[in-house]
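First up is the structure itself, then whatever we jot down about it.
The values are calculated or read from the model by the stated rules, or taken from the named source; none is laboratory data. Bear in mind the structure is a predicted one, so any value in this text is a computation, not a measurement. No Cβ is skipped: glycine too gets one built from the backbone with ideal geometry, and neighbour counts run over all protein chains shown. Side chains are part of the model used for accessible areas, which takes the heavy atoms of the whole protein and leaves out ligands, DNA and RNA. Shrake-Rupley method; radii C 1.70, N 1.55, O 1.52, S 1.80 Å.
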Amino acid sequence: MASNVLLNLSLGTSSFRGLRKANQIYVDKTRLIFDLASQRRKYLLVRPRGFGKSLLISTFETLFKNGLEDFCGLEIEKLWKGERTYSVVKFDFSEIKPIFGLKKFERDLKDRLIDNFSGQGFSYDPNSTSLFSQLSKWLGDQPANSLVVLIDEYDAPLRKLCKIRNFSQSPFGGFISEESDGNFPSGRN
């Protein structure tokens, strides 16, 4: 006998784990997630705002950190082999505020990188080479297939800059209008 339980809508939910624990509606796209996750490649997923990129990043984070723990009843449960979990670094560019100037932006970016990677064993030495050189070497020293890096809201700093007064006079002014609220043009007229 089928259950008549009505699940909650997941409006504005960007946490996969939270969505599953709250028994919210989730359209099972885990077959596609499995296809991407099993390729061991680098991906850039570009979609307009509000198309679920943050939820997708959260889904990958949950899968790689916790395995199938939160995927009961979803298609990936039958596809994902083994119980292996991975170290995950999730980097969210919305945490960086570019509106206080370039120097502050650079400091915030550096701080976020150090904070996010130090949880996985990275140690920054300010008396050595640049942060990016040290991070690049550290990443190269990691065992193959041991670390997953997820980047969310990659366009957030630029979108925030779009809202600054007189943006039309900046180098990006001809590309993104002040009325666009920071979204890139779609190419349609």
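A compact table of results
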{"item": "Global form of segment 84-133, assessed from the alpha-carbon gyration tensor, a/c cut-off 1.5", "result": "oblate"}
{"item": "Global geometry of segment 39-120, whether rounded, prolate or oblate, following the gyration tensor of its Cα atoms and the 1.5 cut on a/c", "result": "prolate"}
{"item": "Probe 1.4 Å, accessible area per residue of segment 1-113, Å²", "result": "67 Å²"}
{"item": "Chymotrypsin sites (Phe, Trp or Tyr not before Pro) within segment 12-53: DSSP coil, no more than 16 neighbouring Cβ in 10 Å", "result": "Y43, F51"}
